[in-house]
Amino acid sequence: MPSHEDTDHAVTTVIGLGPMGRSLATALVEAGHRTTVWNRTAGRAAALIERGAKEAPTLQAAVTASPLTIICVLDDNAVEAILAAVDGALAGRTLVNLTADTPDRARRLAAWAEKHDVTYLDGAIMTPIETIGGPDAVILYSGPQAAFRVHEATLAQLAGTTTWLGEEPGRAASHEVALLDLFWTAMSGIVHAFALAAQEGVDPATFAEGAKGIADLLPTIIDEFAGHIESGEHPGDASSLTSAAAGMKHVIHAAHARELDASVLEAALAIARSGVEAGDGDQSFSVLTQRLRAS
Ligand SMILES: NC(=O)c1ccc[n+]([C@@H]2O[C@H](COP(=O)([O-])OP(=O)(O)OC[C@H]3O[C@@H](n4cnc5c(N)ncnc54)[C@H](OP(=O)(O)O)[C@@H]3O)[C@@H](O)[C@H]2O)c1
């Protein structure tokens, strides 16, 4: 359960006023929190000040204004630059880092925090700025459970789904990088597919309907692959890797015929072919997870 202190005396600092930092601070202000903000470059807080936030004159003043500081900047290099300048002011307080970076960087920051008597939670924001403060926002957390519980009510103001994934500090970022792996690979496919459709004279609106149909197939495939990976069995009776590789080759040929770059799919085909050459041609496409791990 969230602590009495957190729910009744919601006092929070937000460091970083890029689009996401501003959205996080806005959500807190709108939820009635006394919110202090600070940004490396001054002049980004005007709209927040109008809504009732306070802009701290210095970084030290910002972090000492609240028991909880939320930081959301470009990457963990920027976080480390800010923490180097904090100069002990965070000692005895809690830092929630909602900046996107790798699991190892999260672990490194957790080690820094332990050394400097700072309670550290790492977070991963999985939805865009428009969602922040509403039911559709999703933010994942990892780090000390006790600290998460103390600040849970505050963190719940930022996202409808606020999930603690465990004590291991890199766990939220582990989910984040894997989910973004899926997202960016899909985004590369989406732009390529629109380009190929256009080269073949298919208009974007018509193509979009078919594209959404393909996207609808993915949840079933994701569940099926999860089962294969858990069991270590990759039955390819319904669709084999050999057949998939042939299908990928057709797309590449069609792209080349329209003078389109096909390097992303060529790289994917090379991995599929290595699976076929290794004797996995009659297995499911999911067997490639093993090849990726081995290479
Ligand atoms: N925007 C989204 O929809 C979205 C969605 C999910 C996750 N995220 C994540 O949220 C984080 C913030 O994103 P954003 O959209 O707000 O924009 P951003 O461009 O990634 O970050 C801008 C913020 O980083 C600060 N910054 C950059 N380098 C710095 C440094 N060396 N020292 C101190 N501060 C530095 C900027 O300060 P200055 O103003 O001084 O330059 C500004 O406050 C990122 O990790 C991003 O991946 C964003």
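Every read-out reported here was derived from the displayed coordinates using simple, explicitly stated rules and does not represent laboratory data. Just so it is clear, the model here is predicted, and its values are computed rather than measured. Every residue, glycine among them, receives a Cβ derived from its backbone with ideal geometry; neighbour counts consider all protein chains shown.
Of note:
- Spin-label pair Asp282/Thr163, simplified geometry with 7 Å Cα→Cβ offset, distance in nm: 3.8 nm
- The calculated FRET efficiency for Ala156 paired with Phe207, based on their beta-carbon distance and R0 = 45 Å, is about 0.70.
- Highest GNM mean-square fluctuation among Gly232, Gly160, Gly92, for the chain modelled with Cα contacts below 10 Å: Gly232.
- The stretch 42-159: radius of gyration over Cα atoms, expressed as a fraction of 2.2 N^0.38 Å: 1.05
- The charge dipole of the stretch 106-179, taken about its Cα centre with unit charges on the Cβ atoms of Lys, Arg (+1), Asp and Glu (-1) only, comes to about 160 debye.
- 222 nm mean residue ellipticity, helices alone, for the chain (DSSP H n ≥ 4; -39,500 (n - 2.57); rounded to 500): -17000 deg cm²/dmol
- GNM top mover of Thr127, Thr26, Thr13 - the chain, alpha-carbon springs below 10 Å: Thr127
- Estimated at 0.36 nm per residue, the fully extended path between Ala61 and Glu224 surpasses their Cα-Cα distance by 53.5 nm.
- If the segment from Ala84 to Val138 were pulled out straight at 0.36 nm per residue, it would be longer than the present Cα-Cα gap by 16.5 nm.
- Highest-fluctuation residue, Gly227, Gly16, Gly43 considered, GNM on the chain with Cα pairs under 10 Å: Gly227
- Using alpha-carbon coordinates, inclination of helix 145-156 to the longest axis of the chain, degrees: 90 degrees
- Gyration tensor verdict on the stretch 157-245 (Cα atoms; rounded if a/c is under 1.5, prolate if a/b is larger than b/c, oblate otherwise): oblate
- Positive-end residue, the stretch 19-112 charge dipole about Cα centroid, Cβ charges, pick of Thr69, Val29, Ala89: Val29
- Selection from His151, Ser274, His175 lying farthest towards where the dipole of the chain points positive, charges on Cβ: His151
- Nitroxide proxy distance, nm - points 7 Å out along Cα→Cβ at Asp261 and Ala215: 2.3 nm
- Dipole magnitude for the chain: computed about the Cα centre from +1 point charges on Lys and Arg Cβ and -1 point charges on Asp and Glu Cβ, it is near 840 debye.
- Additional length obtainable on full extension of the chain from Arg293 to Lys115, 0.36 nm per residue less Cα span: 60.7 nm
- Part-to-part distance (alpha-carbon centres) for the stretch 214-253 and the stretch 69-91, which is given in Å: 43 Å
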